[in-house]
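The values are calculated or read from the model by the stated rules, or taken from the named source; none is laboratory data. All of these numbers come straight from a predicted model, not from anything done at the bench. Note that we place each Cβ from the backbone using ideal geometry, even for glycine, and neighbour counts take in every protein chain shown.
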2 protein chains.
Amino acid sequence: MKQLEELPERKRDQHENVQESEKQPLSSVKSSVFLVQWKPCRETHSTVKDFLLKLQRCLGAVCGMQWYAYATLGITMALLSFLMDFSVAKMLGAQQWLYGQLEGNFLLQFLCWTLYPACLCALAATFCQSICPFSTGSGIPEVRTMLAGIDMPLYLSLTNMFSKFLGLFCTLAAGSTVFLGKVGPFVHLSTMFAAYLDNMFSLLQGIKKEKTSDMLVVAAAVGVASCFGAPVSGVLFSVEVMGSHYSLRHYFPCFFSAACGALTFRFFSVWSGDMETVQALFKTNFPSALPFYPLEIVLFAFLGLLCGAVGCCYLFCHRWILQFTKTNPLFIRMQTEKGLYSAGVVFFLACLTFPPSTGQYMASEYTTKELLTSLLDCRQWSSLSHNASVHQELSLKWNTSEMPLLLSLAFFLLMKIWMLVLACTLPLPAGYFMPMFVLGAAGGRLLGEGVAHVFSTGVVFGHHWDSVYPGVYALAGAAALSGAVTHTLSPALLAVELTGQFSHAVPILLATLLANGLARSGNRPSFYDAISINKKLPHLPSLVKAYPQISLTTVAHILEKDSVQLQKAAGPEEVRHIVVASVQLQIPVVDSEGAYSMMSVLELQTLFVADKGKLVGCLTWSKMKEILQALAKEN
Amino acid sequence: MKQLEELPERKRDQHENVQESEKQPLSSVKSSVFLVQWKPCRETHSTVKDFLLKLQRCLGAVCGMQWYAYATLGITMALLSFLMDFSVAKMLGAQQWLYGQLEGNFLLQFLCWTLYPACLCALAATFCQSICPFSTGSGIPEVRTMLAGIDMPLYLSLTNMFSKFLGLFCTLAAGSTVFLGKVGPFVHLSTMFAAYLDNMFSLLQGIKKEKTSDMLVVAAAVGVASCFGAPVSGVLFSVEVMGSHYSLRHYFPCFFSAACGALTFRFFSVWSGDMETVQALFKTNFPSALPFYPLEIVLFAFLGLLCGAVGCCYLFCHRWILQFTKTNPLFIRMQTEKGLYSAGVVFFLACLTFPPSTGQYMASEYTTKELLTSLLDCRQWSSLSHNASVHQELSLKWNTSEMPLLLSLAFFLLMKIWMLVLACTLPLPAGYFMPMFVLGAAGGRLLGEGVAHVFSTGVVFGHHWDSVYPGVYALAGAAALSGAVTHTLSPALLAVELTGQFSHAVPILLATLLANGLARSGNRPSFYDAISINKKLPHLPSLVKAYPQISLTTVAHILEKDSVQLQKAAGPEEVRHIVVASVQLQIPVVDSEGAYSMMSVLELQTLFVADKGKLVGCLTWSKMKEILQALAKEN
């Protein structure tokens, strides 16, 4: 509520707004929407208007109007997320029902399995291409660029929101064959809705507001929080996505809005009958009395390093394919027909996952959600497989007669990684976080099952290791791999929030830290950095990671043509600092023959140095943007 | 590991450092400690030196030396925290044993009960006063000021660390009579050790490093994490303590160091035999199948608002007593003899908590840790009190024969709040967070027991509310009250990390958010703000909260005597922004007759505006500090 006094301009709740015109009766500011002269039922209108004005004053007395906007954002995104999950589940159920009905007819089953996702993806690709080409992909790289202060209105349009939502629906409805998630697009959808909310409130109040990134930062937190009902990791994600500096004035709004979103999302689950009460999405039942042996910490650390290494390999493949799609002439020609290309790739993937073919070795009948649930199962598979009934239950999906369980997991991992790399080239709105999370879980499960199998047979280090839980390894692996690929730590907390159990937080955090450490070493670009560079987005932190030589380029060098105005050699470290620290800024660039040496400037990383010398140059914010865009295009 | 390339200067691990001199064999930088000419056994020396150099190179090859420093910081603080807990438990056990031995002799028991804490506190006060007067109090306000970029070397000295540690030991050993905690002092101790570590590494490497706040920010996170073994809330605390901007380059080190600290702290608990494995400090057993009914959310929200209101009352009392101790002549005279004053106040408090007197109504035989454990008990007291054996167990402490259980809780709350306000005037190193956490737990328990009692008797809203857990209300109340008093949200996560159960995170977060909202409304200063203002610390955010008129003061107004140099009327909002955003900065203040109008400057909240006009003024960082100190003293 601290913001209330700092930002006197008030925003308005979406739910009771359309008729409201004035901020206060005394205020002379009139909204443009009420300047229409003729009204059909003037009296009713004024009664409603008075009532709404009173309501607004009542609401405003409790707290600033922006808090209602934050709440609206959280609640609406949670509603969208719930609707998405609900309808996708129905679509997947329909395919499964049809597939079941065609039992016995191999050809029809094959066509149902392959054409269903292929058609959906072709539809999504064509639709997005024709309505709004900017709606494809994850959206997080674009959000990061916008949060760094660069305007990208095309990425915030309502058309984009509409096409992204529908496209994402088709992608998710294609199921675990395409194996893509929804986190990234939801963060993007959330920022689009936040921008719309911000604009609408300004318009209704008749106030010309300066553009700020306030709502966008909050939206990033809400996107994650409403996707999983996980408020704290949402806020941590919004801290991480800022890239350089996080302003504390966003902290409380982020938490507030994320909590609203998470609470609403979980309430919808209760009301829809999915759950009896508000609880975690992938609730686990790991025993909390003895969650793990202290010595297991070493194994978790090893898992973290392993995930870090796998993450690096994956990122390398991803960068390679991004480059390949841009340079290979055949690929470029194929990608001109986006619908056809998508259909072709998805058909190929579906052939591989068709249960009577290789699909039987990688549990392809599971949906992504079922996959994760099965991987996080607290029981030990290898010991359970002797039990006939459980064996039956598992054998349906994981434990085929021909292939032992562990080999099946390894095969799943190997196949899915390159299939995911291929799926990343699809021009669809899709998230790439959840697939990595599931792959990490599979890797962790593999190690966990191995450990449990080895240690349950004898006494190791003087202990009977009879309560090793492979599910915990799966959870740690999930957090570590997804953290390594995205260079973030919030997956560790997300793993805790998704399962609702905190007893294993410490080993999960350790694994994520080590995986991150390995993945970040040597200035390697993250998954999002690679996309930023590939899409030529003007995002300096990504550029610096990918091309360290930029750090040596000076502003004067870039702006040689403007050398009359710019004589100071400011390092890009400063430029980056300036760019990210402030949204709207005028940067005077001072003569290099001033009172202080330039060396000290660069060391201190100050914004600029000026003595009583004359000011000879002026570098505006728009100029800065041009430089950044030029930099992005150069490389 | 990303920092490695950004900061080429390497730090060294404390454990294998004393003999190491050179950064690399090629480096010409020689440490001053190795310039001694004569050495007794030159050969052995050089062998050891070579070995250590090789070791350092090996370590340096894995990751940058600063990571070893972060790990050392975390591990050492966890060790100190564990030692503190261990020895305090022994001291409290000794008192309890003595008190038990004197059973039957009322006078001796009274003397044992009252003189033991009184002597300890007198000792602590005298000791701190004579060794280092800066070691009293919490330390968090001072840490915030230092993190804002203001040098306070006296608060980072080794003497201070020594006296703070011993003083805190005495305070905690005085037990629940004094009822003070250890979080704040541990944050301060952590920053002191971090500064020492930083200096030592620089000295050994012979590098003159620029002073940065890197280690201090990490230390703030480690302080909290090592206190409770709670890494995530430690990092969130370090984000919150920054006041205005959080630099993302601290994020990964904070997590790393906090995880090291938390892991070590929990491992010590395992090794000492307290716990079988690494787990939460106050492990609870709330059922996770049906953690709470959806409609209970309303009650949690109510609890949050209630805690917010109580927090405001407490803060008002605290501000009043701070003012009173400064202005009342009698009090000022009393406080000159700090040892005597402490002994007197603690004797008075001990008389009140003496079990045969009013102490029997407020469970005064419990230590602070036992108090919290009993309040978080997952069973419902009111229903248990019919069970004879449990009744016996509880009646010893909470459920006296004369007073019903709920009345006893209410009495505890009423008495402890004003006793805590009084205890805050003691000139001792002590934390004020944990007492608020326990008081909040008591308040939550009171509401929870009431709710459970009312709802268990019948059907409300069509539900049989037979599984309402008062312990969950206690946890939510604890987070909400401590969050409201300190204006932070990290207690919500701390509550989760302390108990190791995530199933109730959403209602706890909701209660904390609402309590914070209420406590922050109207720009009220937080607990730490009040101390900052009382101690005249140059901390602008606190000053702005306490004296909103500062926002209207212009820099030109403050610096009237320097008006030749400063003609621009820059609002303090900008000044604050500049002060906190950068550690070392030169701010040119530009002529007010320039290209752009000043109005637009203030609206845009840009750092400054400059066109091609001449630069007429220069405001240095040291000047800025002077202004801030003057501001602090003025009010």
Notebook entry, point to check: How many residues does region A:162-175 contain that are surrounded by 24 or more Cβ atoms within 10 Å (Cβ to Cβ) and assigned to a helix (DSSP H, G or I)?
Noted result: 7
Check: Quick one: is B:ILE508 part of a helix (DSSP H, G or I), outside the structural domain of B:VAL310 (by TED's automatic domain parsing) and modelled with pLDDT of 70 or more?
Finding: no
Notebook entry, point to check: Considering only residues of region A:517-528 that are more than 7 Å from every other protein chain (Cβ to nearest Cβ) and in a helix (DSSP H, G or I), which is farthest from B:THR284 (Cα to Cα)?
Noted result: A:GLY522
Next item on the list: Would you please name the residue that is farthest from A:THR425 (Cα to Cα), looking only at residues in region A:135-161 that are surrounded by 24 or more Cβ atoms within 10 Å (Cβ to Cβ) and charged (D, E, K, R)?
Entry: A:ARG144
Check: Is region B:183-191 home to any residue that is more than 18 Å from B:THR76 (Cβ to Cβ) and touching a residue at least 40 places away in the same chain (Cβ under 8 Å)?
Finding: yes
Check: Here are B:ALA258, B:ALA174: which of them is modelled with pLDDT of 90 or more and under 15 Å from B:ILE75 (Cα atoms)?
Finding: B:ALA258
Next item on the list: Considering (1) within 11 Å of another protein chain (Cβ to nearest Cβ); (2) touching a helix residue (DSSP H, G or I) at 6+ places or on another chain (Cβ under 7 Å); (3) of a type in the set (Ser, Thr, Tyr), say which one B:SER269 fails and leave the rest.
Entry: (2)
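The rows are residues; the columns are (1) in a helix (DSSP H, G or I); (2) not aliphatic (A, V, I, L, M).
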site	(1), (2)
B:ALA259	yes, no
B:PHE286	no, yes
B:LEU299	yes, no
B:PHE331	yes, yes
B:ALA343	yes, no
Item checked: Residues of region A:68-90 satisfying the condition of being surrounded by fewer than 17 Cβ atoms within 10 Å (Cβ to Cβ) and either over 20 Å from A:CYS170 (Cα atoms) or not hydroxyl-bearing (Ser, Thr, Tyr) (or both) -> A:LEU79, A:LEU83, A:PHE86, A:ALA89, A:LYS90
Margin query: With the requirement that a residue be at the interface with chain B (Cβ under 8 Å from one of its Cβ atoms) and either in contact with a His (Cβ under 7 Å, 6 or more places away or on another chain) or not in a helix (DSSP H, G or I) (or both), what does region A:485-503 give you?
Written below: A:LEU489, A:GLY500, A:GLN501, A:PHE502, A:SER503
Check: Residue check: is B:ALA89 closer than 22 Å to B:SER257 by Cβ, in the same structural domain as B:ARG249 (by TED's automatic domain parsing), modelled with pLDDT of 60 or more and small (Gly, Ala, Ser)?
Finding: no
Notebook entry, point to check: Would you pick out the residues in region A:232-248 that are within 8 Å of another protein chain (Cβ to nearest Cβ) and modelled with pLDDT under 90?
Noted result: A:VAL239, A:GLU240, A:MET242, A:GLY243, A:SER244, A:HIS245, A:TYR246, A:SER247, A:LEU248
Item checked: Boolean, A:GLY74 is within 17 Å of A:PHE252 (Cα to Cα), within 18 Å of the chain's Cα centre (by Cα) and of a type in the set (Gly, Ala, Ser) -> yes
